[in-house]
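Visitor: Take a look at the following structure, please.
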Amino acid sequence: MTPWFDPTLIFIGGAWRPCASGETLPVTDPSTGVEMARIARGGALDIDDAVAAAEAALAGDWGVMSAAERGRILLRLSHLVLNHADQLAEMEARDVGKPLKQAHNDVIALARYCEFYGGAADKLTGETIPFNAGFTVYTLREPHGVTGHIIPWNYPMQIIGRSIGAALATGNACVLKPAEEACLTALAFADLAHQAGLPAGALNVVPGLGAEAGAALTAHPAVRHLSFTGSVATGRRVQIAAAENIVPVTLELGGKSPQLVFADADLDKALPFLVNGGIQNAGQTCSAGSRILVQREIHDTLAARMAEAIGALRIAPAMDDADIGPLVSARQKGIVERFLAQASPDQILAQAPLPDGLPEGGNYIPPTLIGHIPPDHALAQDEIFGPVQVLIPFEDEEDAIRIANGTKYGLVASIWSADGGRQMRLAKRLHAGQVFLNNYGAAGGVELPFGGVGHSGHGREKGFEALYAFTTLKTVAAHHG
Ligand code: NDP
């Protein structure tokens, strides 16, 4: 698969060019370990240029464009994404190792974000405020200006859609630093946005290393808002950089999301979601429902059913489109292997065997179900970001809430139970940005505000809420007597 653009270039001011250093970085196919392309090693000079191009866009056509026209561009972009669905899906599958059908889902989500935010662009309004006699007071929702977007490698297209879609809809000019492991679809997106009629400089993409291009973007004094998705450690650095420049920042830092399964739950309905919580995208999902809390009386039944389902999973290179592909990198594989090494043999309840014939250089990890660990065990507390589920028994509602809320994270949670009162009671008590009742994830839910509490981060993306985050509110008070 050869991209239709040159991936060794960066996209600034509506044009392709080499990065300032002229250096490139390898792109390794996670399914095989073989180098498949090279990308630019953008750095601080390129970020300076990208920010300058974004400022120029705001001072030019983009800054005065009507909200309706911004929306039309996003709608055209949505169509272009769908028209390139097969190429984008293959590019993503080969680049990050996700099975082809999961990459296709990400393309659909990217198109849907462009559609949603394209449609919403001219529906965001201010308000009038009753005030003292002789005054008329109203509010204006205005873009921040130049926005910085730091994107991880696990769902590049989805996270670009939710972040860039909302930022462009509200009239910001964006500088995007994709993860070094996942730059190809970000570059493709920039090209398609240009084809859709986005003015030069409204979206700039600078691939490179986090410590170089990423750090330069977060420290740039002309960037007026930062949107980051990734690890807690890097998120902390981004927030410190934002503090230096006194700019708002949205942090989405993953989690250890619990799924509470009560004895009265419909297990046939729950099972696919409980298994999928660990295997979707090989577990490299910020909102993975990877901590299964199960009422003790059905613990053994659920353990047996999950073990059977996990044991039957098919693992293969991304383009073979099995249930699970490789992890994104040898580094990520190492992280997950170190976690698995903390489990004793009796704590491994199930593990799908790796099939013969997998390419030797690929980053494959067998899907694993862990049990018989206390809730404060590292495997039950830390984000593993691999195909590993943990199963923890609880006694009653009180116990379930104590364990569910007993991590530093709080991104997503679910409750599986037939008892409506219990669903309402516990939904209020769970520390999480989203709670799902008898489902998990609502199939992505582009329309649904998303974000965490605690170490899962702060700020909300997705849905209409993101439009508020990507704007600043101005109050105008007119005294006319
Ligand atoms: P990082 O948080 O380091 O990477 C996320 C993004 O931040 C990437 O674009 C990265 O660029 C960039 N970045 C890295 N360092 C800096 C910096 N100093 N300043 C600005 N940007 C920077 O995550 P990793 O890829 O290292 O993954 C490690 C762990 O993080 C995973 O095991 C997982 O637990 C978690 N994670 C969570 C995600 C989520 O969705 N919440 C997504 C990805 C990871 P580059 O890739 O070029 O270094």
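What follows draws every value from the coordinates through simple rules; no lab data is involved. Values in this document were obtained by computation on a predicted structure and should not be read as measured data. Reconstructed Cβ throughout: ideal geometry from the backbone, glycine too, with neighbour counts over all protein chains shown.
Visitor: Applying a 10 Å radius around every beta-carbon, put 260-266, 119-125 in order of their mean neighbour count, most first.
Guide: Put in order of decreasing packing, that is 260-266, 119-125.
Visitor: Could you tell me the calculated FRET efficiency between ARG331 and MET1, based on Cβ-Cβ distance and R0 = 30 angstrom, to the nearest 0.05?
Guide: 0.80
Visitor: How charged is the neighbourhood of ASP95? Take every other residue with its Cβ under 13 Å from the Cβ of ASP95, and add Lys/Arg as +1 and Asp/Glu as -1.
Guide: -4
Visitor: Relative to the longest principal axis of the chain, what angle (0 to 90°, nearest 10) does the C-alpha long axis of helix 267-279 take?
Guide: Helix 267-279 and the main axis of the chain meet at about 60 degrees.
Visitor: How much net charge surrounds ALA186 when only the other residues with a Cβ under 12 Å from the Cβ of ALA186 are counted, with Lys and Arg +1 and Asp and Glu -1?
Guide: Result for the neighbourhood of ALA186: -4.
Visitor: Sticking with this one: What length, rounded to one decimal in nm, is gained on full extension from ASP346 through to ALA304, with 0.36 nm per residue of separation minus their alpha-carbon distance?
Guide: 13.7 nm
Visitor: Next question. For ASN245 and VAL34, calculate 0.36 nm times their separation in residues minus their Cα-Cα distance, and state this gained length in nm to one decimal.
Guide: The span from ASN245 to VAL34 would gain 71.9 nm if fully extended.
Visitor: Report the calculated FRET efficiency for ILE129 and ARG425 (r = Cβ-Cβ distance, R0 = 35 Å), to the nearest 0.05.
Guide: Efficiency computed from Cβ-Cβ geometry: 0.40.
Visitor: Give a residue-ordered list of calculated ³J(HN,Hα) values for the stretch 394-409 (Karplus: 6.51 cos²θ - 1.76 cosθ + 1.60, θ = phi - 60°; whole Hz; x for Gly, Pro).
Guide: 9, 8, 8, 4, 4, 5, 4, 5, 4, 6, 4, 8, x, 10, 7, 8
Visitor: Taking the Cβ of ARG17 as the center, what net charge do the other residues with Cβ under 13 Å away carry, scoring Lys and Arg +1 and Asp and Glu -1?
Guide: On the way: positive: none; negative: ASP6, ASP46, ASP49.
Summing Lys and Arg as +1 and Asp and Glu as -1 gives -3.
Visitor: To continue, here is another question. State whether the chain is rounded, prolate or oblate according to the following rule on the C-alpha gyration tensor (a ≥ b ≥ c being the square roots of its eigenvalues): a/c under 1.5 gives rounded; otherwise a/b larger than b/c gives prolate, and the remaining case gives oblate.
Guide: In terms of gyration-tensor shape, oblate.
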